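Quick notes on the structure that follows.
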Amino acid sequence: MKSQIAQALKWQAVGIVGRQVLALAVFTPLARLLEPSAFGLVGLVGAYLGFIGLFIDHGIPTALIQRKNLQTEHLDAAFWFNLGCSVLVCMGTYAFARSLSALLGDPELAALLQWSSLGLVFMALSQVPTTLFIKAMDFRRPIIGSLIGSVVGGTIGIVMAFAGCGVWALVAQQLAAWLTGAIFLWSVSSYRPSLRFSTRHLRELFGVTSSTMATKLLWLFTTRIDQIVIGRVAGVTTLGSYVVASKIPDMAKMISIEPLAGISLPTLSKHQDDPSQMRQTIYDGMELNAAVSFPIFVGLALICSDLVPLLFGSKWAAAAEVSSLLCIYALINALLVFVYPSVVASGGAGRYVVLNVWLGAGAWIACMIGIRFGLTYLVLGLVANTLIISAPALLFLKNRIGLNPWRYCRPCLMPGAASLLMVAMVWLMAAALPDATTRALRLTCKIGVGATVYLGCISLFAPSTLRKLVDTAGHAFGRQSLVVATPPWP
């Protein structure tokens, strides 16, 4: 199990890092070529697609992963249901695009919504094959498909941006990536749907999906309400700046959180009948998660003032402060990465809906109040809301699977202290640099000092954690364990 999980983590990491490197290579020229309003318009389209996409899959992928006795009839019912829903939603979006654009606050969205909705059909086509690979802990082929899609879509987007196509370059980029990924997955998958459709098997999946869908809907509302509020209240230009400010923390989340989030549900589902093993898996995973997340997000918060204008151009310099705050917001979410999969794996997704109602309501209040004072206060409100909700979330897990909240949080102490020392040393070093220092050199010095301080602290005061990180990497790349007499994880 340990080697299997390490291999899954490796491919998750390879895919996510690869996608983010490609995304950065594509986004950098696009940010320099396109105006902020283009990113604001696509941000609103993305919020709509993310929301309506939940009504297409109904949480069925989660049900397929969680179900022990999975039959072919379940797969066929899931495939045809998702595909039919996506076609209907695409047609409905085309018919009501003008009304939707008025609701979202910008008439230019109508045509963008019509074309972008095709992506829902492309994603529905690839959903069941992707889920089957994930259930089998085979992340390699879905990841290869996504990387190929990123290359094809990115190339098309950049070419269209150079040709002066404006916001349509971003739309074409996404559509090409989704379509290419779907074609690849069908070429490597052995699953082929039959023409049968069993309502009984679909109802069996819905027994899990109802609460799962409600949770995903609430979570999507929580994570998208900021963009919706900004677009409606402050306009698409301000939203475009916010989207660009979100790019670096979003990429960091994909690199650090997604590998764990991707394997957590299938891994914890294997222990759904053994709460003690599930708890131990979470504790061990949290130790490594904290050791990696703190330096990534705190470090990025330190360097955003130099990194954002260096990558995307000086016109985005004002977005750097918001980007730093979003990195801290991402850190808090990273430290709570095991909450949702552990609840779903233990069969308690229904009760978790209540927590998400509180989280979503708090996020809406934070955004509506914060936007009146600026983007900085909006993000601070989101940070405070997540911190407040984290306490009842951990208490809920304590009641559900016996999780000890203190033991869950304890691994954060050493990485948190090391990060604070890293902040102090980087600030002192930056203050000592001459004013004429170039932004690239300043950035290099910050990264070098920060990495040295953090790794030094972990090596001195938490060597066992460092050994476990090396051990996990060793399993991922096929080497023997380097840790002796330490608890296996997960």
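Rule-based calculations on the coordinates, nothing more; no lab input. On a predicted model such as this, the values are computed, not experimentally measured, just so you know. Cβ atoms come from the backbone with ideal geometry, glycine included; neighbour counts cover every protein chain shown.
Structure notes:
- Rough spin-label spacing in nm, given labels placed 7 Å along Cα→Cβ, for D435 and L413: 4.5 nm
- Only helical runs count toward this figure. For the chain, summing -39,500 (n - 2.57) over DSSP H runs of n ≥ 4 and dividing by all residues gives -28000 deg cm²/dmol at 222 nm.
- 16 Å Cα-Cα reach of K315 towards aspartates and glutamates, excluding residues that sit fewer than 8 places from it in its own chain: E35, D306
- Ranked packing of 190-197, 92-99, most packed first, by mean Cβ within 10 Å: 92-99, 190-197
- Proximity of backbone amide H atoms, modeled 1.01 Å from N, is registered between C165 and no other residue at under 5 Å, excluding neighbours fewer than 5 places apart on the same chain.
- Dipole magnitude for the chain: computed about the Cα centre from +1 point charges on Lys and Arg Cβ and -1 point charges on Asp and Glu Cβ, it is near 720 debye.
- Contour excess over end-to-end distance, with Cα ends at W406 and V17 and 0.36 nm allotted per residue: 136.9 nm
- R0 of 41 Å, Cβ-Cβ distance I447-D274: FRET efficiency to nearest 0.05: 0.45
- Computed from the C-beta positions of F197 and N69 and an R0 of 22 Å, the FRET efficiency is 0.70 to the nearest 0.05.
- Modelled this way, with points 7 Å down the Cα-to-C-beta line, the labels at T28 and L469 are 2.5 nm from one another.
- Difference of contour (0.36 nm per residue) and Cα-Cα distance, L460 to L421: 12.7 nm
- Neighbours of S314 by Cβ distance under 12 Å: Lys/Arg scored +1, Asp/Glu scored -1, total +2.
- Spacing of the two label points (7 Å from each Cα toward its C-beta) at L428 and I388, in nm: 3.8 nm
- Computed Rg/Rh of the chain, alpha carbon atoms with Kirkwood Rh: 0.95
- Cα centroid separation, region 268-341 to region 129-165 (Å): 23 Å
- Taking a ≥ b ≥ c as the square roots of the eigenvalues of the Cα gyration tensor, region 355-421 is classed as oblate, since a/c reaches at least 1.5 and a/b does not exceed b/c.
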